[in-house]
1. Answer yes or no: is there a residue in region 273-280 that is within 16 Å of the ligand (Cβ to nearest atom) and either at pLDDT 90 or above or among the hydrophobic types (A, V, I, L, M, F, W, C) (or both).
2. One residue is enough: does region 281-304 have a residue meeting the conditions acidic (Asp, Glu), away from the ligand (no atom under 16 Å from the Cβ), in a loop (DSSP other than H, G, I, E, B) and over 28 Å from residue 166 (Cα atoms)?
3. I'm trying to understand the selection: among the residues of region 255-280, which are among the basic types (Lys, Arg) and within 20 Å of residue 194 (Cα to Cα)?
4. Just to check your reading of the model, which residue among 197, 244, 212 is β-branched (Val, Ile, Thr) and open to solvent by less than 60 Å² (accessible area, probe 1.4 Å)?
5. Looking only at residues that are within 14 Å of residue 110 (Cβ to Cβ) and touching a residue at least 40 places away in the same chain (Cβ under 8 Å) in region 62-76, which one is surrounded by the most Cβ atoms within 10 Å (Cβ to Cβ)?
6. Keeping to region 102-129, report how many residues are in contact with a Leu (Cβ under 9 Å, 6 or more places away or on another chain) and closer than 19 Å to residue 170 by Cβ.
7. Taking region 49-86 only, how many residues are farther than 23 Å from residue 172 by Cβ and either in a helix (DSSP H, G or I) or touching a helix residue (DSSP H, G or I) at 6+ places or on another chain (Cβ under 6 Å) (or both)?
Amino acid sequence: MSDQINKQTLSEEDYLRKHLESIENKNASNEPSFQQPKINVQVDNSRTADLQYFAFDVREFPCGIFYPAGSTIQVRPAQVKEIQAYSMVDDNNFYDIVEKMNDMLAACVRIKYLDGSMGSYLDIKDPDRFYLIFLIRELTFQQGTALTTTTTCTCSSELSIELKRENFKKYDLPEKIAKYFDPQSLSFRFSVKSGKTFNLAPPTIGLQKSFTDYIVKENNEKKKQNLSFLKIIPFLLYDRNSITIEGIKAKLLEYEKMDDISFQFLNSAVNKMTFGIEKLKKNCSVCGLEVHTDMIFPDGPSALFVVHDAFEQFIEE
Ligand SMILES: [Zn+2]
């Protein structure tokens, strides 16, 4: 397995932005807190009869505020055939990792809206992807099989941190943009001095899937990609879960004709929108201080659903 990928920071950016960042070498920073809508959601975390789905309040997720209030995300453990397919992921191929994760999410995740209607994983916000993958993992391996990473506290004790929900520190919403959140549209609504108004929010997995298809197609045709377009536009199309190749091309033409103020503003606004899992946190058992460490895949993404020491664990001596 590649060391480079093993140590790769799981910054929980959506994969497209992550891909672009590796090119741009951008450095995003984030702070403050979410404004969650106050609504009482009935969440049933017991096993439900149909296909063993567990229901989770959307507010638990890093992108919680961007789902209609009262929705629940329903998740079930992975079945062996899904684990078999996932275990073949190529840790060195970013698109393969994304595709295998999508297959896993397609099988195990759906969203239920307050009116009773259901949506698929395509409606899920892209920065919630890793959180969901780890959640599926938790449900699948309820009898332990912990995935851990180690770090050292300032008191110099060694600390082992399990990669599970209670140890995840989500990105906070920067105060600067928090006040522009519009609960009606579930997006940030910005009025710019040029007189224009923009609504921006994290894109869905479905929309990013459309963009990935587009990127792969353009790459195959050896076309040069407009990276700034690919970074910014998904945030403007936050309220849909697909777009055709022709649709993307039309957006690109619009984008290239954009005025300078709009571009500068959008670029700066999108730089402030980092969501998902920021890092791991745990209180030191010796000194009690909260210790943070980078979010990583300890043995690469392929190891997420593979029991690390299965041979030793399951052999009959
Ligand atoms: Zn300590």
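1. yes
2. No, there is no match, as no residue in region 281-304 is acidic (Asp, Glu), away from the ligand (no atom under 16 Å from the Cβ), in a loop (DSSP other than H, G, I, E, B) and over 28 Å from residue 166 (Cα atoms).
3. 257
4. Result of the check over 197, 244, 212: 212.
5. Taking the candidates together, the pick is 73.
6. So the answer is 5.
7. Here the count works out to 11.
Results for (1) within 16 Å of the ligand (Cβ to nearest atom); (2) more than 22 Å from residue 60 (Cβ to Cβ); (3) open to solvent by less than 40 Å² (accessible area, probe 1.4 Å); (4) modelled with pLDDT under 90, shown as yes or no for each residue.
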position: 100; (1), (2), (3), (4): no, yes, no, no
position: 119; (1), (2), (3), (4): no, no, yes, no
position: 122; (1), (2), (3), (4): no, no, no, no
position: 130; (1), (2), (3), (4): no, no, yes, no
position: 135; (1), (2), (3), (4): no, no, yes, no
position: 142; (1), (2), (3), (4): no, no, no, yes
position: 146; (1), (2), (3), (4): no, no, no, yes
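The values are calculated or read from the model by the stated rules, or taken from the named source; none is laboratory data. Owing to the predicted nature of the structure, the values given are computational and were not obtained by experimental measurement. Ideal geometry is used to build each Cβ from the backbone, glycine not excepted, and the neighbour counts take in all protein chains shown. The area values use the complete protein model at the heavy-atom level, side chains included, leaving out ligands, DNA and RNA. Shrake-Rupley method; radii C 1.70, N 1.55, O 1.52, S 1.80 Å.
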